[in-house]
Each structure stands twice: as C-alpha cells, then as structure tokens.
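Encoded as structure tokens, the structure appears first; notes follow it.
The values are calculated or read from the model by the stated rules, or taken from the named source; none is laboratory data. Treat the numbers as computed from the prediction; the structure is a model and nothing was measured. Don't worry about glycine lacking a Cβ; one is built from the backbone with ideal geometry, like all the others, and counts go over all protein chains shown.
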Amino acid sequence: MRILKDAGVRIAALALIVTALVGCAANGAEAGGSGDAGRVAFMLPEAKTTRYESADRPYFEERLSQVCPDCELIYSNADGDASKQQQQAESALAQNIDVLVLDPVDASAALSIVAAANARGVPVIAYDREIPGADLAYFVSSDSEAVGALQAEALVSSLTAAGKPDGNILMVNGSPTDSNASDFKKGAHRVIDASELNIIGEYDSPDWSPDKAQEWAAGQVVLHDGLIDGIYAANDGTAGGAIAALKAAGITELPLVTGQDAELTAIQRIVAGDQYMTVYKAISTQAYAAADAAFQLMTGGTITADTEIDGVPSTLLEPIAVTKDNIMETVVADGFYTVQQICTDQYAAACVAAGIE
C-alpha cells in the first residue's frame, strides 16, 4: 500500500483534492449550523480511548464548520456498545442525514449500518477503523499494520540494545471486534516473530478496556514474577493498565512498555520513564480529510485518495514513533500538546532532565 509521506517530522498534506469551497467561512457552534446546507452524522465508537473526545471530535467539528458553516453535525459516541451504535445510526438516518461518517464499535455489526445507509442513498465514510466488505464511499485512517510494526520494532531494538535480544515479553492487544486491532497485531507479530523475543503471554483486550488489560497483566505478573522484560501494549490505555498492574505488584524497575495514540498521560509516563514509547498519528489531518470528504459527497464533488482498499478510495496516514528523545520534534512541534500541558508540577523535573522545556 502506498502511504502518505510528510516533508520532515510533521504530517501535513491531505490526500484529498478539495474543490468548491468558495464562500465557506469558519464559524458555527459545536453542533454545526442550521442544517440548510446538509446534515452530517459523525459516530465514534467509545470514550475509553481519550483521543476520540479530546482530538477526533473537535478537529472534525472544526473542519466541517470551516468548509460548510451552515451544515448541521449530528454527533454520537457509542461507549463501546455495538447495539447502542446501531440505535444511534437509526436515529441519525431518521433525521435525513446526507453523509454518515462511521467509526465502528464492531466491524461486522457495522455492515448492517452501512447497508441501511446505502438503502437510503446515504454515502458512508469509514473513519479510523476499516469495515471490511462494506459498500463505502471513502476510508481514512493511519496504516494500522505499520503502527504495530513500529511498536514492535521499538521493543525489539530497545531490548536488544539492553542486552536482552531473547527477552520475555507480554502482548496486550486491542479489542477483538476492532478490525484495526487485528492489523496492529499482525504488524507487531511480523516483527516480533522474526526476532528472538519470547512471547510468554498474549491477550486481546475486550473493548480496549484499560481495566481488563490491567486485570490480565496483574495475573501475568504473578505467574511470571521477575521474568518480564517488555510489554507490547497496543494503545496507551492498555499500556496504562499494564503499568498500573506492575506498580501495584511493587515492581520499581519497569519493563519496556509500548503504546499508541500519544495520549497526554502516555507522554507524561514516557517523560517519567514509566512507558517507553507511543505512536503519534495525524489525527487532525485524518479528521480534516473526513470532513472534507463529507462535504465533497454532499456537493457532488470527487474524492481523490492516495490508494484503494477493496475498491474503496482510501487515505492511510504514516504513523510516527514517539520516545522521550523526540517529544519536542513531534507532538510539541505539531502543536498537539504544549510543554506546559506536558510538564505539570509532577513532571517538571523529569521534563528538564529530558530537555523538554
């Protein structure tokens, strides 16, 4: 698959060619405008992954209000419940939406949502998570296999540098109902299976739950007391759960732990030395691309994407590994967080030591 490249560290350019934006000014309230120009439903899957409410939603709202200030945004979050998302979709379709932007709780269950939308002539954009087999107008996300590979490469190289090329690791994967999670795992296994690392336990975290990840990791800490050198955690939430389990067990010298999504708490854990790395994805670019595509579909424009997946025009953005060494050049340089947000009183000394100031 061809992937969007950035000129330097930042990811900037959209893979869409956006036209017919003349006369659109940036304004509008959180829920959008009057709806005279069209209605867009934006449906997110859960809130345990903090980026959805703190980044994806506001960026999407911001861009839609810029390109179409009179459009109405119908927003919903399913809280990890596929049945609830089905009901939210039915409600949105009953309000005569023009475009549905869907990040599914369960990719298989989402097929019926897409079918119902298509039956009403409503095009569907798959956002962040793939919906295999669905009749979609567009798909935008990061390259999920590349994310898993980045995480695994960081783990392999760091343990090798620490003199533990054949170290023992746990794998805390994502939700089994999330199609992206299987791709993260696939990318990670491709790298880990080719290394000398020894997987001593593996778990798929239901609903991406940090609590369930913590509970499982706690059992593994007891089972493999003193033998865990690294933990592949598929996202920052599960990483936080695993780290909490380690600390609750009184472990002071923590194994290397990966993550994903560059959550603020994860960046702070990295600064403090509790988490080794996370993966930063261009969420603003992704949300903007989805909003632009929604506008194009409403106005009869053409979506031009970087590649196709199963015949669906698709944009896959390039993920970036973030460690203590490049926080300033990534999440801070992109304006994702400020130094002040990261370096609160609790982390001030660690920030100075890491050159984050």
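Assess whether Q275 counts as being polar (S, T, N, Q), in the same structural domain as G226 (by TED's automatic domain parsing), free of Cβ contacts under 8 Å to residues at least 60 places away in the same chain and surrounded by fewer than 22 Cβ atoms within 10 Å (Cβ to Cβ).
In short, no.
What single numbered condition from (1) crowded, with 24+ Cβ neighbours inside 10 Å; (2) among the small types (G, A, S); (3) in the same structural domain as A181 (by TED's automatic domain parsing) fails to hold for A293?
It is condition (3) that A293 fails.
Looking at the range 118-125, can you tell me whether even one residue there is outside the structural domain of K84 (by TED's automatic domain parsing), under 25 Å from A290 (Cβ atoms), at pLDDT 95 or above and of a type in the set (S, T, N, Q)?
The answer is no, given that none of the residues of the range 118-125 is outside the structural domain of K84 (by TED's automatic domain parsing), under 25 Å from A290 (Cβ atoms), at pLDDT 95 or above and of a type in the set (S, T, N, Q).
Condition first: among the hydrophobic types (A, V, I, L, M, F, W, C), within 22 Å of T299 (Cα to Cα), modelled with pLDDT under 95 and surrounded by 14 or more Cβ atoms within 10 Å (Cβ to Cβ). Can you find one or more residues in the range 74-89 that meet it?
no
Given (1) modelled with pLDDT under 95; (2) outside any loop (DSSP other than H, G, I, E, B); (3) out of contact with any helix residue (DSSP H, G or I) (no Cβ under 9 Å at 6 or more places or on another chain), identify the lone condition not met by A349.
Checking A349 against (1) modelled with pLDDT under 95; (2) outside any loop (DSSP other than H, G, I, E, B); (3) out of contact with any helix residue (DSSP H, G or I) (no Cβ under 9 Å at 6 or more places or on another chain), the one that fails is (1).
It is to be established whether one or more residues within the range 200-209 are over 20 Å from M277 (Cβ atoms), among the charged types (D, E, K, R), under 26 Å from the mean Cα position of the chain (by Cα) and at pLDDT 95 or above.
Checked the range 200-209: at least one residue is over 20 Å from M277 (Cβ atoms), among the charged types (D, E, K, R), under 26 Å from the mean Cα position of the chain (by Cα) and at pLDDT 95 or above.
Looking only at the range 250-289, count every residue that is touching a helix residue (DSSP H, G or I) at 6+ places or on another chain (Cβ under 8 Å) and closer than 23 Å to A348 by Cβ and tell me the total.
At the first step, the residues of the range 250-289 found to be touching a helix residue (DSSP H, G or I) at 6+ places or on another chain (Cβ under 8 Å) are 251, 254-281, 283-284, 286-288.
Remaining after also requiring closer than 23 Å to A348 by Cβ: 254, 257, 259, 262-278, 280.
The qualifying residues number 21.
Tell me whether the range 101-111 contains one or more residues that are in contact with a helix residue (DSSP H, G or I) (Cβ under 6 Å, 6 or more places away or on another chain), crowded, with 20+ Cβ neighbours inside 10 Å and free of Cβ contacts under 8 Å to residues at least 40 places away in the same chain. Lay out the reasoning, then the answer.
First, the residues of the range 101-111 that are in contact with a helix residue (DSSP H, G or I) (Cβ under 6 Å, 6 or more places away or on another chain): 101, 104-107, 109.
Subsequent filtering for residues that are crowded, with 20+ Cβ neighbours inside 10 Å retains 101, 104-107.
With the extra rule that they be free of Cβ contacts under 8 Å to residues at least 40 places away in the same chain, the set shrinks to none.
No, every residue in the range 101-111 fails to be in contact with a helix residue (DSSP H, G or I) (Cβ under 6 Å, 6 or more places away or on another chain), crowded, with 20+ Cβ neighbours inside 10 Å and free of Cβ contacts under 8 Å to residues at least 40 places away in the same chain.
Please go through the range 66-86 and pick out each residue that is out of contact with any strand residue (DSSP E or B) (no Cβ under 9 Å at 6 or more places or on another chain) and free of Cβ contacts under 8 Å to residues at least 40 places away in the same chain.
If the condition is that a residue be out of contact with any strand residue (DSSP E or B) (no Cβ under 9 Å at 6 or more places or on another chain) and free of Cβ contacts under 8 Å to residues at least 40 places away in the same chain, then D79, D81, S83, Q86 are the ones that fit.
Output the residue which, of all residues in the range 112-141 that are buried (at least 21 other Cβ atoms within 10 Å of the Cβ) and among the acidic types (D, E), is nearest to the chain's Cα centre (by Cα).
D128
Can you name every residue in the range 236-269 that is in a loop (DSSP other than H, G, I, E, B) and in contact with a Lys or Arg (Cβ under 9 Å, 6 or more places away or on another chain)? Please lay out each step first, then the result.
In the first step, residues of the range 236-269 are kept if they are in a loop (DSSP other than H, G, I, E, B); the result is 249-255, 258-263.
Residues satisfying the conditions are L254, G259, Q260, D261, A262, E263.
Would you be able to say whether some residue in the range 298-320 is within 20 Å of the chain's Cα centre (by Cα), in a helix (DSSP H, G or I) and not β-branched (V, I, T)?
No.
Which of the residues spanning the range 204-235 are of a type outside the set (D, E, K, R) and either outside any helix (DSSP H, G or I) or not assigned by TED's automatic domain parsing to the domain that holds G187 (or both)?
S205, S209, H224, G226, L227, I228, G230, I231, Y232, A233, A234, N235
Please state which of the following conditions I267 fails to meet, knowing it meets all the rest: (1) under 19 Å from the mean Cα position of the chain (by Cα); (2) in contact (Cβ under 8 Å) with a residue 60 or more places away in the chain; (3) surrounded by fewer than 22 Cβ atoms within 10 Å (Cβ to Cβ).
For I267, the exception is condition (3).
State the number of residues belonging to the range 309-320 that are small (G, A, S) and either surrounded by fewer than 16 Cβ atoms within 10 Å (Cβ to Cβ) or not assigned by TED's automatic domain parsing to the domain that holds Y127 (or both).
Step one: list which residues in the range 309-320 are small (G, A, S), which gives 311, 314.
Now restrict to residues that are either surrounded by fewer than 16 Cβ atoms within 10 Å (Cβ to Cβ) or not assigned by TED's automatic domain parsing to the domain that holds Y127 (or both): 311.
Looking only at that region, the number is 1.
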